[in-house]
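Just so it is clear, none of the values below were taken in a lab; they were calculated from the coordinates. Bear in mind the structure is a predicted one, so any value in this text is a computation, not a measurement. With ideal geometry, Cβ positions are generated from the backbone for all residues, glycine too; neighbour counts draw on all protein chains shown.
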Amino acid sequence: MARGDDEGELLTPAAHAQLEAELAELEGPKRKEVVQAIATARAHGDLSENFEYHAAKNEQGLLEARIRVLRHRLQHATIVDEEEAAASGVVTVGSRVELERDDGEKLEVEITGVGGVSPDSPVGQALLGKAPGDEIEVEAPRGRWRARIVSVGRAS
């Protein structure tokens, strides 16, 4: 399930809504707060040595960069059909996967681009398209490990 760099990420409806809510917050109240902070700092006089002004301008730059990232993600995202994904029985974006590692450790992970295991991460790549009973091998930054998929369900 490799996607080219020009294709957007796969998002569950809940993850898409979460990103939309963050964008609305940043474009509304947060943007107003930063503009007000700049205006207040500017009123203090000499801008060349005005720390509050420079800090507020820096915060504005960071805010606008985050807004651009969120807009891009939302414009290029593909929303996963939850019913179709659940019926497939294999790991997709939005799946909650129970794993048992070779060392006996049990893990539960959620495949999502927002707040979980990214589908582009080593674990996400190893799991996508797999079914219960399948063995996976993960080439992670801290070393290679193996696990068996115990169950695949949908995140609640």
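Given axes a ≥ b ≥ c from the Cα gyration tensor, I'd like to know whether the stretch 84-154 is rounded (a/c under 1.5), prolate (a/b larger than b/c) or oblate.
oblate
Dividing the alpha-carbon radius of gyration of the stretch 25-140 by 2.2 N^0.38 Å (N being the number of residues), what value is obtained? Let's see the in-between values first.
Details: Rg = 22.2 Å, N = 116, 2.2 N^0.38 = 13.4 Å.
Dividing the Cα radius of gyration by 2.2 N^0.38 Å gives 1.66.
Amide H to amide H under 5 Å from Val150: which residues, 5+ apart in sequence or cross-chain, H placed 1.01 Å off N in plane?
The list, which skips near neighbours in sequence, is Glu98, Leu99, Glu100, Gly133.
For Glu84 and Glu100, calculate 0.36 nm times their separation in residues minus their Cα-Cα distance, and state this gained length in nm to one decimal.
Details: separation 16, 0.36 × 16 = 5.76 nm, distance 2.58 nm.
So the chain would gain 3.2 nm between Glu84 and Glu100.
Can you compute the FRET efficiency between His76 and Ala140 using 1/(1 + (r/R0)^6), with r the Cβ-Cβ distance and R0 = 22 Å? Round to the nearest 0.05.
With R0 = 22 Å, the Cβ-Cβ based efficiency is 0.20.
Note down the magnitude of the dipole of the stretch 10-79 about its Cα centre, charges +1 on Lys and Arg C-beta and -1 on Asp and Glu C-beta and zero elsewhere, to the nearest 20 debye.
Dipole about the Cα centre, nearest 20: 260 debye.
Considering the stretch 42-107, what Rg and Dmax in Å follow from its alpha-carbon atoms?
For the stretch 42-107, the Cα-based Rg and Dmax read 23.3, 65 Å.
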